[in-house]
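Taking it in order: structure first as structure tokens, then the write-up.
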């Protein structure tokens, strides 16, 4: 796989082993594959939350399915090591994508961890309380 990178992409700087922004430390890499890496996000939503990204810069999961498959295989390898997890990606701003370099969240889960997802009863209950 090519490792094409975008000079303005924060995740491409992580792939290159550079700090994502001036004054920041490089990302904490937790696993590497030939064509993908996994690292800890700045604001994990649960303990053990990691992001998996391809080394090649592609905007999202629908841009190059063959690259998405590589990233998903890496994420699945990490998820296999967990008793429960969500593996999540987004495509486009309307789907909550904020960094336009394909990335998959591997989010370890436990009963009662307090992380409601939009399609769960916990989310509906949280919306009723805050609304």
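Values quoted throughout were computed directly from the atomic coordinates according to the rules given, and no laboratory measurement underlies them. From a predicted model like this one, the values you see are computed outputs, not experimental measurements. Every residue, glycine among them, receives a Cβ derived from its backbone with ideal geometry; neighbour counts consider all protein chains shown.
Worth a mention:
- Of the peptides 67-78, 83-94, the order by per-residue mean of other Cβ atoms within 10 Å, starting with the highest, comes out as 67-78, 83-94.
- Size descriptor for region 10-130, Kirkwood hydrodynamic radius: 15.2 Å (Cα pairs only, one decimal).
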